[in-house]
Each structure stands twice: as structure tokens, then as C-alpha cells.
Amino acid sequence: MIPVNSVLQVGHFPEIMQAEIDRRFVPTRHLDPAAPVPSGDFQAILVRSNTKLPESLVRQLPKLKMVATCGVGYDNLPLSYLKAQGIKASNTPGVLNDAVCELAMGMMLGLMRRIPESESFVKSKAWSKGLFKITTTLAGKRVGIAGMGRIGQDLAERLLPFKVDIAYSGPSPKAVPYTYFKDVHALATACDVLFLACPATPDTDKMVNQEVLEALGPNGYLINIARGSVVDEAALLYALQHKKIAGAALDVYDNEPNPNEAFLNLDNVLLTPHIGSATAETRIAMTNLAVDNLEAFFNQQPLPTEVKN
Ligand code: NAP
């Protein structure tokens, strides 16, 4: 049981998630994180990864002991401050892998085969005046995954039937049968399609820079389903505008929900509005896992998915 008036919900949740929250318990809603905090002895916060939780807000809640974020990424949380105060945090790993991988696969195929552009070609009746562009085949390509975690591993399993060679990069090798590179630059040199599936951390900030994009090369494709901060956007725009890479499919950006407008005018990008986990099934599962963590906290049980690092 979650006691009444004990949880502050920070930020808007999509309707389907809000309905699921309200089915489980009734939080106090604080929709604008920048507005004055409602009074109350809140012991826990419920937030989602698209909402940045300001440290200044957390500082106003002296009874706070737990923050549950809905999403696997927790770069929205003031983690150092939470740790220093002994405030626990939980996220929702695993339950969103299928949805994120499905989108990533769709983005890759859509980008390489120019599916959105080919649809416009038919709808605008351009077909009657000529043939559509010749595109490129995935089979036989070398695919790199920066971040062989839960999503990276599920993605690799989906990629294998497409007859590709798989390699990956990250801080340490994993128990997977793919070629390992410690460094994303070396990975980019060795692949034709580079997926980003790592977390946003100080170490991954602008990790994909001009040198990495040049290593990927003029026939290389970048698919970012991680976080905007992992890519140096200025370098990416330059690379796309000057055909230093073949194309990019982006679900995440530096400035959401208003990505740099220069992306909008390019014909070698496929852009989606941070919808990796945005399916009904997944969003309901994420919401329930976040609420399960809150329940465990109030029942003084171990959190099912505590953020440990
Ligand atoms: P995860 O299981 O924690 O996996 C992350 C992996 O990234 C780990 O294997 C980690 O290696 C690796 N990593 C850490 N630093 C790295 C670096 N510098 N270079 C390459 N790899 C590095 O997390 P996940 O569940 O797979 O999720 C990954 C990320 O996807 C999330 O953090 C989130 O930002 C993003 N995401 C986006 C969406 C969306 O809607 N687009 C949805 C869900 C998730 P170690 O294990 O060795 O530390």
C-alpha cells in the first residue's frame, strides 16, 4: 500500500500512463517542475525520464527518501545529490527493450531504404514522372552497437537474421559472441551502420564527435536511440550536410521537443520524436514497474529495480 499524500508526481505523464498510475494509487500531481512545490510531507517522487527533476525541487522535500523514474535512463535525476542524501532511486529497465529495438530496426531500414521518402514519392505522384532512387541493402553490412547492455543485446539478436556481422563497444567486454572494441572510434572504423544504445553519462557526452563520424565514413549510417547528448550535434549536422556520412536516424536530440531546425531540411535523415518506448503495452509495463518500486519502498522491501551506480 502506498500511503495517501506520500508521493509527489512531478511532470505530465501520457494519458495511458496517468490512467495506470491512478488505477494503482493517487499521487499529488505537480505538473510543472518549475512551479512552487505543493506543501506536504512527501517521502517519494514519481517522475518520467523525459522530465528533468531539478535538484532545487528535491531540496524542498526534507522527508524525501525515494525517487522512482519511469524509463531506463536516469540522466534526468540529480543523482549525486540523491546519493549524498541517502535518497534511493529506481528506474524501469528491461520492460522497454522490445519496443525500443523494434523502433531501432524500423529506423535503420527506413533510413537505408528511404521508406518515408519513397512514400512521399508515391503520394505526390512523382512516380508517374520517373523512378525512385536506388538505395542500399543491409545484408552483408557490418553493424556496430555502442552499448551492449540490455537494449544492445536484444538489438543484436534481432539483427542477426538480417545476415550482418555484429561488433560492439563499451567499457568492458560482455559475454556475447560479437567482436569487441573498447573505443567507439575503432568501432566506427569497423562498421557500416552504427547504433548508439549507451546511457547519457559524463563519459558518453558528445562521444560521437567529428572523428568518429569521419571514421564511420561516407557510406556509414548512424542510428541514435540512446540520448541526444551522446552525439556532438554540430559535428553530426556538418557530417550530414557535407555527406561525410550517408545518413542518420535520430530518435533523441539535444533540445527536445525542439530539435535543431537544421536537421529538418536534410534529405539524409530520418527523425522520430523520442518514441523508443512509446507503445501502449510498454508504457503500461513501465508505469507498473515504477509503481512496484514505490510499493516496495513503502513496504520496506528491496526495490525491484534500484539504480545502484
Ligand atoms: P543498460 O542495460 O544499462 O546498458 C547500457 C550499456 O551501455 C552497458 O552495457 C554499458 O556498459 C554501456 N556503456 C556505458 N558507457 C559506455 C560507453 N562509453 N560506450 C559504449 N557503451 C557504454 O541500459 P539499456 O536498458 O540497454 O538502455 C540504454 C540506454 O538507452 C538508456 O540509458 C537510455 O538512455 C536509452 N534509451 C532510450 C530510449 C528511447 O526512447 N529512445 C528508450 C530506452 C532507453 P557497462 O555495463 O560496462 O557499464
Go through (1) outside any helix (DSSP H, G or I); (2) surrounded by fewer than 18 Cβ atoms within 10 Å (Cβ to Cβ) for Phe121 and report which single condition fails. (1)
Just give me the residues in region 52-72 being surrounded by fewer than 20 Cβ atoms within 10 Å (Cβ to Cβ) and either within 16 Å of the ligand (Cβ to nearest atom) or in a strand (DSSP E or B) (or both), in sequence order. Lys52
Filtered residues of region 29-43 (kept if in a strand (DSSP E or B) and surrounded by fewer than 16 Cβ atoms within 10 Å (Cβ to Cβ)): none
What is the one condition in (1) touching a helix residue (DSSP H, G or I) at 6+ places or on another chain (Cβ under 6 Å); (2) under 16 Å from Lys206 (Cα atoms) that Ile245 does not satisfy? (2)
Considering only region 174-187, state which residues are open to solvent by 40 Å² or more (accessible area, probe 1.4 Å) and either more than 10 Å from the ligand (Cβ to nearest atom) or closer than 11 Å to Met148 by Cβ (or both). Lys174, Ala175, Pro177, Thr179, Tyr180, Phe181, His185
Within region 6-27, the residues that are closer than 23 Å to Lys65 by Cα and surrounded by fewer than 17 Cβ atoms within 10 Å (Cβ to Cβ) are His12, Gln18, Asp22, Arg24, Val26
Going by the conditions given, is Pro202 part of a loop (DSSP other than H, G, I, E, B) and either of a type in the set (Phe, Trp, Tyr) or within 13 Å of the ligand (Cβ to nearest atom) (or both)? yes
Of (1) buried (at least 16 other Cβ atoms within 10 Å of the Cβ); (2) within 10 Å of the ligand (Cβ to nearest atom), Pro171 fails just (1)
With the requirement that a residue be small (Gly, Ala, Ser), assigned to a loop (DSSP other than H, G, I, E, B) and under 23 Å from the mean Cα position of the chain (by Cα), what does region 128-164 give you? Gly147, Gly149
When Leu46 is evaluated against the numbered criteria (1) crowded, with 22+ Cβ neighbours inside 10 Å; (2) within 13 Å of the ligand (Cβ to nearest atom), which criterion, by number, is the only one it fails? (2)
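The values are calculated or read from the model by the stated rules, or taken from the named source; none is laboratory data. In this text the structure is predicted, and so the values were computed from the model without any measurement. Positions of Cβ are backbone-derived with ideal geometry, glycine not excepted, and every protein chain shown enters the neighbour counts. Each accessible area value is taken on the protein alone, full model and side chains, heavy atoms only, with ligands, DNA and RNA left out. Shrake-Rupley method; radii C 1.70, N 1.55, O 1.52, S 1.80 Å.
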